[in-house]
1. Residue pairs, Cβ under 6 Å, 6 or more apart or interchain, first in region 85-98 and under 30 Å from PRO110 (Cβ atoms) and in a strand (DSSP E or B), second at pLDDT 90 or above and open to solvent by 80 Å² or more (accessible area, probe 1.4 Å). List them.
2. Restricting attention to region 83-106, report how many residues are open to solvent by less than 90 Å² (accessible area, probe 1.4 Å), closer than 19 Å to ILE11 by Cβ and out of contact with any Cys (no Cβ under 9 Å at 6 or more places or on another chain).
3. Restricted to region 4-42, and to residues that are under 23 Å from GLU78 (Cβ atoms) and assigned to a loop (DSSP other than H, G, I, E, B), which residue is modelled with the highest pLDDT?
4. Any idea which residue in region 60-78 is least open to solvent (accessible area, probe 1.4 Å), counting only those that are charged (D, E, K, R) and either modelled with pLDDT under 80 or under 11 Å from LEU105 (Cβ atoms) (or both)?
5. For GLY57, indicate whether it is surrounded by fewer than 18 Cβ atoms within 10 Å (Cβ to Cβ), modelled with pLDDT under 85, small (Gly, Ala, Ser) and closer than 17 Å to LYS19 by Cβ.
Amino acid sequence: MSIYKLLENVINKWGSTFKITQNGETISCKGFIQPLRYKNNMYLDGKSLDAGFFDGGHYLFISNGETGLKNHNLAFVEDKDSKYVVKRADIHIYKDQNLYTWAILKPYFPPVEDDYADK
């Protein structure tokens with residue numbers, strides 16, 4: 001079994017269902033989302049943990065390589081409970097084949113209208 005088929009099978013079997021919205025188009029896909037942990041201090045307002053660094057506000061999203069997720073703030077990833085805005089995204093390519101898509105997400109909070117903003 002090729003590495004492409006192996007990853008596709010794992011994502012399709014064990015992944016959750018997500019909606020990706022970008023450029024006015026919405027697609028459905030399978031994937032994984034988890035809190036982002038890393039060992040450098042790229043984001044400074046977090047807490048240091050033994051296993052790495054966790055700031056509580058960034059998430060790692062992994063999906064198949066055909067989602068077409070792009071790197072801009074007008075792309076959103078949604079599951080049944082939450083909505084996230086894409087901060088950075090890319091596709092991992094191996095031997096000219098899109099293996100998987102990864103993205104860094106932040107929770108999306110819709111703008112709140114302020115009754116006093118114009119005063």
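1. none
2. Residues flagged as open to solvent by less than 90 Å² (accessible area, probe 1.4 Å), closer than 19 Å to ILE11 by Cβ and out of contact with any Cys (no Cβ under 9 Å at 6 or more places or on another chain) within region 83-106 amount to 14.
3. Residue satisfying both the conditions and the ranking: GLY15.
4. GLU78
5. Values: surrounded by fewer than 18 Cβ atoms within 10 Å (Cβ to Cβ): yes; modelled with pLDDT under 85: yes; small (Gly, Ala, Ser): yes; closer than 17 Å to LYS19 by Cβ: no.
Answer is no for this residue.
The values are calculated or read from the model by the stated rules, or taken from the named source; none is laboratory data. Because the structure is a prediction, the values reported are computed rather than measured. Here Cβ is always computed from backbone atoms with ideal geometry, including for glycine, and neighbour counts include all displayed protein chains. For the accessible areas, the whole protein counts, side chains as well, though only heavy atoms, and no ligand, DNA or RNA atoms are used. Shrake-Rupley method; radii C 1.70, N 1.55, O 1.52, S 1.80 Å.
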